[in-house]
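The values are calculated or read from the model by the stated rules, or taken from the named source; none is laboratory data. Keep in mind that what you see is a predicted model, and the values were worked out from it rather than measured. Here the Cβ is made from the backbone with ideal geometry for all residues, glycine too, and neighbour counts use every protein chain on show. Please note that ligands, DNA and RNA were not included when accessible areas were found on the heavy atoms of the full protein model with its side chains. Shrake-Rupley method; radii C 1.70, N 1.55, O 1.52, S 1.80 Å.
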Amino acid sequence: MKFERKTQLKMDKLVTCDTEIMSGTPVFKNTRVPIKNLIDYLETGESLDEFLEDFPSVSREQVVATLELAGEILLTHAYANSS
């Protein structure tokens, strides 16, 4: 999937995918915490505060911005595929 430049710039500020870091798993920028961990926490009903407590290297701002970006991508994709 190709993103608009603005979306790609936001993603580059928030997410790192590097084979040298967690074998290329998408992680929060400047951490070794996979984005999937946040998704897993939310899926199982854990709170954002619990996630942040368990992963102190991730800031609340990073999580909020990542969730906003995920929503933006989802809506953009849905609109692009609607008839």
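Annotations for the structure displayed:
- Condition check for Gly45: loosely packed, with under 12 Cβ neighbours inside 10 Å, free of Cβ contacts under 8 Å to residues at least 60 places away in the same chain and not in a helix (DSSP H, G or I): yes
- Per this entry, Glu61 is counted among residues that are under 12 Å from the mean Cα position of the chain (by Cα) and either outside any helix (DSSP H, G or I) or closer than 24 Å to Lys6 by Cβ (or both).
- Residue in region 54-61 that is surrounded by 15 or more Cβ atoms within 10 Å (Cβ to Cβ) and in contact (Cβ under 8 Å) with a residue 24 or more places away in the chain present: yes
- Just so you know, in region 1-49 the residues that are of a type in the set (Phe, Trp, Tyr) and at pLDDT 95 or above include one that is nearest to the chain's Cα centre (by Cα), and it is Phe28.
- Against the list (1) more than 16 Å from the chain's Cα centre (by Cα); (2) open to solvent by 80 Å² or more (accessible area, probe 1.4 Å), the condition Glu68 fails is (1).
- Restricted to region 1-40, and to residues there that are of a type in the set (Asp, Glu) and part of a helix (DSSP H, G or I), the residue that is most open to solvent (accessible area, probe 1.4 Å) is Asp12.
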